[in-house]
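One structure is given here, and the rest of the page talks about it.
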Amino acid sequence: MAGPMWRQCRRWSTNCTSASLLETLWHFNCRSVSFSASSLGWPSWSSRPGNEGQPSSSTQINPKILNFTSSLNRHKSRLLYPTLQSCCCRTLHSDAKLKDPFTLAQKDLTSLYDDIKKELFVSKEELKSLCDYYFDGKGKAIRPMIVVLMARALNIHSNRAGDLLPGQRAIAMISEMIHTASLVHDDVIDGSDKRRGKRTINEVWGERKAILAGDFILSAASMALARIGNNTVVKVLSQVIEDLVRGEFMQLGSKENENERFKHYLEKTFKKTASLIANSCKAVSILVNSDPEVHEIAYQYGKNVGIAFQLVDDVLDFTSGANHLGKPSAADLKLGLATGPVLFACQQFPELHAMIMRRFSSNGDVDRAWQYVLQSDGVQQTNFLAQRYCQEAIRQISMLRPSPERDALIRLTEMVLTRDK
Amino acid sequence: MLPTTWSRLSCRALSSRGQRTLSLFSSSGPSNWSKVVSDAEKIVGYPTSFMSLRCLLSDELSNVAMHVRKLVGTQHPLLSTARGFVYDNRNNLQMRGVIVLLMSKAAGPNHAASDLLAQDMVSGIYPSQRNLAEITELIHTAFLVHRGIVNLKEWTVSDGPLKDMQFGNKMAILSGDFLLANACTGLAQLNNTKVVELISSAIGDLVQGIYYENSNNTEENSLTGGVDVATWEEQTFLSHGALLAKSCQAAMELAKHDKESQRLAYKYGKHLSLGHKLNSDLQPFMKSSVGEPVSFSLSAAPVVFHRQIVGQERWHQQLQQAQTLRNQPDYSKLLAAVKSEKGMSSAVDLCCYHGNKALEAIQAFPSSEARSALENIASAITKF
């Protein structure tokens, strides 16, 4: 009985005394959304005494996070969210033809996997089957979907017919190829034996061949990219490849300091997940429009949706049943990775700090950390953060001229937040 | 494919030329090679430029270097690859970059291209060509590292702890990926999508070549079939030649030199690489003094020739005769078998053929210090 009580106290005292991660995060969040947050019944620290008294110190601690999510901060549009929501709802109910994003994107994606397989031209049969392995049509192809919707929305915004340009179609394909190449390598690095309900390439053919297959997919993507013939587009998507690797490197280390740690986590999330979506969106924009502000809208939408997507993914690692995501739950903990829910939970349960630092390597660490996370608000807080990113994505994309595709991108943010697998 | 190889070989005066080349074997090859390459480096200026320095000094790679220390004492191949960067004669490591630079310099400035300024050149080489040479090195190094990924299911106790092997793999994957990613961003900065496509295709070639190499190197394969000479050449081009050939071509494209220069540069790179590979495959057969332990790959060029000359059946017999108790072939016996037939001299001839083809390719370039260096390199691969 003493345990929980003590934890409660401890939790209270943490909340009261340390100018910590949550606080700093909260500060940049609450400047724009304290209104909507409290209406969501958000945890005690939003109305905690002293919150208003020390804004300067915590905002100073956090310039990098602020910068990273500067878009959240830049527009202190308290009313934006409700406005958007209503505007969202209006389109939802008035437009009878409104389709869900998947259906709307479908017509541009029917030949996606066939096109990819054509790019993966290789004479050796075995290598060919490794390369084709994940392009079996069972993936969600969420990146190509975002890319084609964005492309059509941008084309309409730029006074053209919605139809995709050949280069935009290629970028949809390339985004899935780059994503898959990195999955193949990640599975070897993490020693995973299952992906999307089937055995991983490394499990079937061994590590060495898996790495080569990943390299091959990347080279094919890079060739397809070059054939678009636009140097800026090549630069934008090459940046993604670099970000993916740097993000993977960032997973090797952990930071001692909590603010640093969260900043590190968000930056890693950007590099490993959001950069590909953001830069693919930017690339399709470059191909149709010369206005850098439009490129920025596309990029910001992709970036914010991408980060939200990963935050939800990290939550699902704790909340989803074993079979849902096609990987076992608590997979991240087992890999030694502290994601959003853990970092938030560490606020309430400082015991987690030592576990994070030793990457959950001691006996029982994973189970204990899991328990702490479930007892804490970590999951809700991570979800809330994801919501914030989605709101920003909506704000960005709403600057485009209305179109069914634009509205589908808005709806997509909802689906990102509510997905359970 | 096969007839071409043979007719090409028979065209060459096998008896006399073959003998003469054999007499050169006593001169020590590697030191000569080092000298030729290091002389060449002086012509193109200091070859290591900003890009590889940036990579080497990056947080990411210093992180890897720190971790690689933990692998000391294990059998992970990353360790010997890493050791090679530091201790091996770096002439081999940077050879590709140096050749790309020499080729750039030999082709000279292009006065017709308005967007290229001669005053941007440093010792006769455009900055973009220098960057390309670096990218070529990055890609080559990335695959040296990725070649050394270990299949964990093949792990045995003698390899050391499994955990170390996993960790070594992780480091090898990440550092190889890091080098490749830097090559990609470097390529993009060249502002030439033709070059991006060409070099990306070379990466694809390399992967395919290494993939073949892996499946040929398995013990089982060397017994059951193995490849013929023509296939060997094709695969060796992919794994050892395509990158250099396409980089040489790309160097011409960057200076906007015409299609013919591009074709010749490609040809030089291709034949030089094949000759270089033949030369190194031949090394164990050259310097075997009696009693010294020898070892060579059963997919080395002389063995491939030998197998084709004596036929599958004889080769099987010879393999069985050379089999020792520990299930390892007695390499000196096999070596004697290969030497007793024409396998080795055929490989020497093919090496000379490629050396000559490389020389031939650069004759169209104006005579210069850089061209002489390229000629010296091409000659050096035909000496042993």
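The values are calculated or read from the model by the stated rules, or taken from the named source; none is laboratory data. Just so it is clear, the model here is predicted, and its values are computed rather than measured. Note that we place each Cβ from the backbone using ideal geometry, even for glycine, and neighbour counts take in every protein chain shown. To get the accessible areas, we keep the full protein, side chains included, count just its heavy atoms, and leave off ligands, DNA and RNA. Shrake-Rupley method; radii C 1.70, N 1.55, O 1.52, S 1.80 Å.
Surrounded by fewer than 19 Cβ atoms within 10 Å (Cβ to Cβ) and in contact with a Phe, Trp or Tyr (Cβ under 9 Å, 6 or more places away or on another chain): which single residue out of A:GLN380, A:GLN348 fits that description? Break it down into steps so the answer makes sense when it comes.
Working: A:GLN348 fails: surrounded by fewer than 19 Cβ atoms within 10 Å (Cβ to Cβ).
Residue meeting the stated conditions: A:GLN380.
So that you can scan it fast, the table gives a plain yes or no per residue for (1) at pLDDT below 95; (2) assigned to a helix (DSSP H, G or I); (3) within 15 Å of the chain's Cα centre (by Cα):
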| residue | (1), (2), (3) |
| --- | --- |
| A:LYS271 | no, yes, yes |
| A:HIS295 | no, yes, no |
| A:TYR299 | no, yes, yes |
| A:LYS303 | no, yes, yes |
| A:GLN310 | no, yes, yes |
| A:ASP314 | yes, yes, yes |
| A:GLY321 | yes, no, no |
| A:PRO328 | yes, no, no |
| A:LEU333 | yes, yes, no |
>> Anything in segment A:113-134 that is part of a helix (DSSP H, G or I) and among the hydrophobic types (A, V, I, L, M, F, W, C)? List them, or say none.
In response: A:ILE116, A:LEU127, A:LEU130, A:CYS131
>> For segment A:217-247, which positions are open to solvent by 10 Å² or more (accessible area, probe 1.4 Å), at the interface with chain B (Cβ under 8 Å from one of its Cβ atoms) and either in a loop (DSSP other than H, G, I, E, B) or not polar (S, T, N, Q) (or both)?
In response: A:LEU218, A:MET223, A:ARG227, A:ILE228, A:GLY229, A:ASN230, A:LYS235, A:ILE241, A:GLU242, A:LEU244, A:VAL245, A:ARG246
> Got a sec? Which of B:HIS271, B:HIS276, B:HIS316 is touching a residue at least 40 places away in the same chain (Cβ under 8 Å), assigned to a helix (DSSP H, G or I) and open to solvent by 50 Å² or more (accessible area, probe 1.4 Å)?
Replying inline: B:HIS316
>> What are the pairs with Cβ atoms under 8 angstrom where one residue, in segment B:164-184, is more than 7 Å from chain A (Cβ to nearest Cβ) and the other, located anywhere, is of a type in the set (S, T, N, Q) and assigned to a helix (DSSP H, G or I)? Sequence gap at least six, or different chains.
In response: B:ALA172/B:THR81; B:LEU179/B:THR141
>> Between B:ALA364, B:ALA347, which is surrounded by 16 or more Cβ atoms within 10 Å (Cβ to Cβ) and of a type outside the set (Lys, Arg)?
In response: B:ALA347
> Among the residues of segment B:144-163 satisfying the criterion of being touching a residue at least 60 places away in the same chain (Cβ under 8 Å), more than 8 Å from chain A (Cβ to nearest Cβ) and hydrophobic (A, V, I, L, M, F, W, C), which is surrounded by the most Cβ atoms within 10 Å (Cβ to Cβ)?
Replying inline: B:VAL145
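Condition test on A:LYS194, is it more than 9 Å from chain B (Cβ to nearest Cβ), open to solvent by 30 Å² or more (accessible area, probe 1.4 Å) and in contact with a Lys or Arg (Cβ under 7 Å, 6 or more places away or on another chain)? Even if it seems obvious, please write down each step before you answer.
Details: more than 9 Å from chain B (Cβ to nearest Cβ): yes; open to solvent by 30 Å² or more (accessible area, probe 1.4 Å): yes; in contact with a Lys or Arg (Cβ under 7 Å, 6 or more places away or on another chain): yes.
So A:LYS194 fits the description; yes.
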>> Given the criterion more than 7 Å from chain B (Cβ to nearest Cβ), open to solvent by less than 40 Å² (accessible area, probe 1.4 Å) and touching a helix residue (DSSP H, G or I) at 6+ places or on another chain (Cβ under 6 Å), identify the matching residue among A:ILE201, A:ILE211.
In response: A:ILE201
> Wholly within segment B:145-237, which helices (runs of 4 or more DSSP H) include no fewer than the required count, namely at least 3 residues that are at pLDDT below 85 and more than 21 Å from B:SER297 (Cα to Cα)?
Replying inline: B:162-189
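Considering each residue of segment B:110-143, count those that are within 14 Å of chain A (Cβ to nearest Cβ) and open to solvent by less than 20 Å² (accessible area, probe 1.4 Å), and give that number. Spell out the reasoning first.
First, pick out the residues of segment B:110-143 that are within 14 Å of chain A (Cβ to nearest Cβ): B:115, B:128, B:131, B:135, B:138-143.
If we keep only those that are open to solvent by less than 20 Å² (accessible area, probe 1.4 Å) as well, we get B:135, B:138-139, B:142-143.
Number satisfying all stated conditions: 5.
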> Is segment B:282-296 home to any residue that is open to solvent by 40 Å² or more (accessible area, probe 1.4 Å) and modelled with pLDDT of 80 or more?
Replying inline: no
> part of a helix (DSSP H, G or I), more than 13 Å from every other protein chain (Cβ to nearest Cβ), crowded, with 20+ Cβ neighbours inside 10 Å and polar (S, T, N, Q) - does that describe any residue in segment A:250-267?
Replying inline: no
> For segment A:115-144, what are the residues that are farther than 30 Å from B:THR231 by Cβ and either surrounded by fewer than 14 Cβ atoms within 10 Å (Cβ to Cβ) or over 22 Å from the mean Cα position of the chain (by Cα) (or both)?
Replying inline: A:ASP115, A:ASP136, A:GLY137, A:LYS138, A:LYS140
